[in-house]
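The next block holds one structure in the form of structure tokens; read it before the comments.
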Amino acid sequence: KDNATGLVWSQPCKNSGCSTFSDSSPTTYRWNNSGPNNDNMTAAELCSGGDHAESGWSLPHQKQMMQAHIDGLYINLEVQATSRDYWSATTYAASDASAWSMLISFGDTNLATKASSNLYIRCVRPAS
């Protein structure tokens, strides 16, 4: 949980359709529904309606991910010496074909092509 924002962060999505959350050998997905592990769902749908049977989750926006890094939450989100690129829900303003991603450990933001990039997913939800 990020006490500064009140958001709870999942572990990375794992298995086809994000059926579980686990930091052990997480699965990569595409932003759109075309990835082999997406189970015909977009990255946003994997969080909000995935097979993991959890409710209230959503794909984080780029600003939420950046705030997690600024707040130092990355220390608890990533296994030491791990550098994973995670999808955000934020589409690149200049091209609908790309979305922002982030290396939470380092605070680096990147552009990735929605239809061909395979990245990791973490979901967020408000603390209740």
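The values are calculated or read from the model by the stated rules, or taken from the named source; none is laboratory data. If you're wondering where the values come from, they're calculated on a predicted model, not measured in any experiment. Because the Cβ atoms are built from the backbone with ideal geometry, glycine has one as well, and the counts that use them run over all protein chains shown. Accessible surface areas use protein heavy atoms only, side chains included; no ligands, DNA or RNA. Shrake-Rupley method; radii C 1.70, N 1.55, O 1.52, S 1.80 Å.
How many of the residues making up segment 17-64 are among the aliphatic types (A, V, I, L, M) and at pLDDT below 90?
Our first condition is that a residue be among the aliphatic types (A, V, I, L, M); within segment 17-64, this holds for 41, 43-44, 46, 53, 59.
Add one more test, that the residue is at pLDDT below 90, and what stays is 53.
The number of residues fulfilling the criteria is 1.
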Any chance segment 23-37 includes a residue that's over 11 Å from the mean Cα position of the chain (by Cα) and of a type in the set (A, V, I, L, M, F, W, C)? no
Counting only residues in segment 71-84 that are crowded, with 18+ Cβ neighbours inside 10 Å and either modelled with pLDDT of 95 or more or among the charged types (D, E, K, R) (or both), the one nearest to Asp108 (Cα to Cα) is identified as Arg84
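When the residues of segment 77-95 are narrowed to those that are among the aliphatic types (A, V, I, L, M) and in a loop (DSSP other than H, G, I, E, B), which ends up farthest from Ser10 (Cα to Cα)? Don't jump to the end; show me each part of the working.
So in segment 77-95, the residues among the aliphatic types (A, V, I, L, M) come out as 77, 79, 81, 89, 93-94.
Within this subset, residues satisfying the condition of being in a loop (DSSP other than H, G, I, E, B) are 79, 81, 93-94.
Details: Val79: 13, Ala81: 19, Ala93: 27, Ala94: 30 Å.
Here the residue is Ala94.
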Fill in: Any chance Asp39 is in contact with a Ser or Thr (Cβ under 8 Å, 6 or more places away or on another chain), on the phi > 0 side of the Ramachandran plot and open to solvent by 50 Å² or more (accessible area, probe 1.4 Å)
yes
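Could you check, for segment 61-76, whether at least one of its residues is more than 19 Å from Thr5 (Cβ to Cβ), assigned to a loop (DSSP other than H, G, I, E, B) and small (Gly, Ala, Ser)? Walk me through how you get there before you give the answer.
Filtering segment 61-76 for residues more than 19 Å from Thr5 (Cβ to Cβ) gives none.
Within segment 61-76, none of the residues are more than 19 Å from Thr5 (Cβ to Cβ), assigned to a loop (DSSP other than H, G, I, E, B) and small (Gly, Ala, Ser).
Taking the options Ala68, Ala89, Ala99, Ala112, name whichever one is open to solvent by less than 40 Å² (accessible area, probe 1.4 Å) and in contact with a His (Cβ under 6 Å, 6 or more places away or on another chain). Quick ask: steps written out before the conclusion?
On the way: Ala68 fails: in contact with a His (Cβ under 6 Å, 6 or more places away or on another chain); Ala99 fails: in contact with a His (Cβ under 6 Å, 6 or more places away or on another chain); Ala112 fails: in contact with a His (Cβ under 6 Å, 6 or more places away or on another chain).
Just a single option satisfies the conditions, and that option is Ala89.
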